[in-house]
Every structure is written in C-alpha cells, then in structure tokens.
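Input: a single structure, listed below in structure tokens.
No lab work stands behind these numbers, since they all come straight from the coordinates. Just so you know, these numbers come straight off a predicted model, no measurement behind them. FYI the Cβ positions are ideal-geometry reconstructions off the backbone, even for glycines, and counts take in every protein chain you see.
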Amino acid sequence: MNPTIVIDTREQRPLEFSKCIHTITAALPVGDYSLRGLENQVVIERKSLGDLLGSITHGRDRFVRELRQFRSFRFAGLLVEADWDDIENRHYPQKVHPNAVYGSLVAFCVKYGVMPILGGDHVTSARICERLLMNYARLVERDYKLLTSRNEVVAG
C-alpha cells in the first residue's frame, strides 16, 4: 500500500513531507490533512500558535462548529506549531492566559475527540503529521488484512 496524503486546498502554508511521500492537493470537508480514500476517517487540523489563540478567543464559535464535525472521525488531531514552553511562558503577543489555552485544548479533546498535538516548529510538525498519517494507514492496512484473512477462513 502506498498511501497518499491529501493537503486541503485552503492550507496557506502547507507542511513539507519526506520526498518518498505522495501528496495531492484537494478540497477537504474539514481539516487540513488526511489520507486519500480515508478522508472520512482521519483528519488533522494544523494551526500556528497565533491561529490557535484566535480560534479559542474571537473565532471560537466558528472553530467549535468545525470541531463538532470531527466527532465522526476515527482519528482527529489538532496539530499546533508550538510547544508547551511557548504557551507556559507566553511567547505570543495576545493577552490569553496559558490556563485558557490548556483548558481549551483539554476541552477539545474531551468534548470533540480531537487530540491536541504540540509539534514545535513547522518542520517538526510536518514530521509528526507525516508519521501520524502513515501510522494510521498501516493500521487500516493491518485491519483490512486481518478481516480478509478471517473471511477466507470462514468461506473456505
């Protein structure tokens, strides 16, 4: 199996993946990254720290509407290009308390099943996104092989 990563057409600063990874650009219903053929199962929403802060303050209603759609996915991740130190030490100009950021990330996980992932910088976030999606693809392939081998035993 040779999985292809789908990059949403609205992604303004796409992550750059390994040269061996196939990518296509297409409109995704939600999120920024998925796998071709599995767009309704796996999704990753990428945000810079500034985007995240905007999404949990003045853009929260719109962002929550998007997150609600993630409930139907087998895996949904919120990949933030920052690390905990950036949040804890307020390495951002917005007047948002770190506790509000932590609380929002936890709420998104619990309420909408969206796993928060702090990826550090853009390059590291690309590696994390790639590994998450490739790992998911291997899981689907393994499940498929297991299912088909069971069906062969039953049919045989």
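Against the chain, whose longest principal axis comes from its Cα atoms, helix 98-112 is set at around 30 degrees.
From the C-alpha coordinates alone, can you work out the Kirkwood hydrodynamic radius of the range 5-156, in Å?
Working: mean 1/r = 0.0605 Å⁻¹.
After inverting the pairwise mean of 1/r, the radius is 16.5 Å.
Remark: the range 43-58, residue by residue, has Karplus-estimated 3J(HN,Hα) of 8, 10, 9, 9, 9, 6, 4, x, 4, 4, 4, x, 6, 9, 10, 5 Hz, where x stands for each Gly or Pro and the curve is 6.51 cos²θ - 1.76 cosθ + 1.60 at θ = phi - 60°.
Taken about its Cα centre, the range 13-156 carries a charge dipole of roughly 400 debye when the Cβ of each Lys and Arg holds +1 and the Cβ of each Asp and Glu holds -1.
Modelled label positions at ILE24 and ARG10, each set 7 Å beyond Cα in the direction of Cβ, lie 2.0 nm from each other.
Here the Karplus relation 6.51 cos²θ - 1.76 cosθ + 1.60, evaluated at θ = phi - 60°, turns the backbone of the range 133-139 into coupling constants of 5, 5, 5, 4, 4, 5, 4 Hz, with x for every Gly and Pro. The residues packed around VAL140, meaning those with a beta-carbon under 14 Å from its beta-carbon, carry a net charge of +2 if Lys and Arg are +1 and Asp and Glu are -1. Show which aspartates and glutamates lie in cross-link reach of LYS19 when reach means a straight Cα distance below 18 angstrom and same-chain residues fewer than eight apart are skipped. Correct list for LYS19: GLU130.
For the pair ARG127 and SER48, the difference between a 0.36 nm per residue extended length and the Cα-Cα distance amounts to 26.9 nm. Residues in the range 14-25 carry Karplus couplings, in order, of x, 5, 9, 9, 3, 4, 7, 8, 7, 10, 9, 10 Hz; the curve used is 6.51 cos²θ - 1.76 cosθ + 1.60 with θ = phi - 60°, and Gly or Pro positions show x.
Loop-located trypsin sites (Lys or Arg not before Pro) in the range 1-84 (DSSP state not H, G, I, E or B) with no more than 15 neighbouring Cβ atoms inside 10 Å: ARG10, LYS19, ARG36, ARG74.
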